[in-house]
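Before any comments, here is the structure.
The values are calculated or read from the model by the stated rules, or taken from the named source; none is laboratory data. Computed from a predicted structure; not experimentally measured. Heads up, the Cβs are rebuilt from the backbone with ideal geometry, glycines too, and the neighbour counts pull from every protein chain shown. All accessible areas refer to the heavy atoms of the entire protein, side chains included, with ligands and DNA or RNA removed. Shrake-Rupley method; radii C 1.70, N 1.55, O 1.52, S 1.80 Å.
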Amino acid sequence: MRACGRAPQGNVPAASALGSPLASPLVVYFLAARTAPTFVENPRQVSAYHYPREYGSHSPAFSRATLLRQGARLMLFISGTASIVGHRSLHLGDTAAQTRETLANIEALLAEANRAVRGARFELDTLACKVYVRRPADLPLVQAELEAALGGGARVVYLQADICRQDLLVEIEAAAMYPCAA
């Protein structure tokens, strides 16, 4: 983004980046549209592009979520979200508590998205989630927390991955669609 002269803050897309085992294929996917999206930040968190230097020489360049209106649909894309409040990781070593905190962050994003678009009613139990778990042994804990929050019919895919910070044990990205007036 910097090399192309684009500001790495403010109007930046929702994004997730995770590590994978050595020799795994690199997977990159993106969506492009002619319509400008609305970028959503989480009031519980420092915008990633404003993180202090303690997290790296360059702050990450992503928004917490992006809203895109396409015809009669409003689409919400939530970036990889973890147990971070402000800019600090919380509940170190406690996978269940980190999952609950991550869900609280996602609920805050849903409230912001609903506030940004009059009439939108995005809700936690309507999300399609991709859940990244650092340690495979923690999967049952994470599944139990998500089932309690989302219900048994939730659309969830679980993957093992390295998450951006060593102290984070779970990360969730999500998407949803809501019908709206064209």
Inset, instruction - Compute the distance in nm between two label points, each set 7 Å from the Cα along the Cα-to-Cβ direction, one at HIS87 and one at ALA137. - result: 3.3
Inset, instruction - Kindly provide the helix-only [θ] at 222 nm of the chain, computed as the sum of -39,500 (n - 2.57) over DSSP H runs of four or more divided by all residues, to the nearest 500 deg cm²/dmol? - result: -6500 deg cm²/dmol
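Where Rh is the Kirkwood radius over the Cα pairs of the chain, the temperature 37 °C and the viscosity 0.692 mPa s, what D in µm²/s does Stokes-Einstein return?
Using the Kirkwood radius from Cα pairs, D works out to 193 µm²/s.
From the protein chains alone at 1.4 Å, what is the descending order of accessible area for LEU103, LEU141, largest first?
Numbers: LEU103 15, LEU141 90 Å².
Reading off the accessible areas and sorting them downward yields LEU141, LEU103.
Before anything else, pin down the relative contact order of the chain: Cα pairs under 8 Å, at least 6 apart, normalised by residue count, whole percent.
Working: 345 pairs, mean separation 47.2, N = 182.
For the chain, the relative contact order is 26 percent.
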Legend entry - Net length gained if the chain between ALA128 and VAL157 were fully extended (0.36 nm per residue, minus Cα distance): 9.6 nm
Legend entry - Stretch gain in nm, segment ALA32-ALA148, where the contour uses 0.36 nm per residue and the Cα spacing is subtracted: 38.3 nm
Inset, instruction - With a 10 Å radius around each residue's Cβ, average the other Cβ atoms per peptide and rank 25-34, 51-60, highest first. - result: 51-60, 25-34
Legend entry - Separation in nanometres of the label points that stand 7 Å from Cα toward Cβ, at ALA72 and TYR55: 4.0
Inset, instruction - Please compute the net charge surrounding PRO179, taking Lys and Arg as +1 and Asp and Glu as -1 over other residues with Cβ under 12 Å from its Cβ. - result: +3
Inset, instruction - Note down the accessible area of THR38, probe 1.4 Å, to the nearest 10 Å². - result: 60
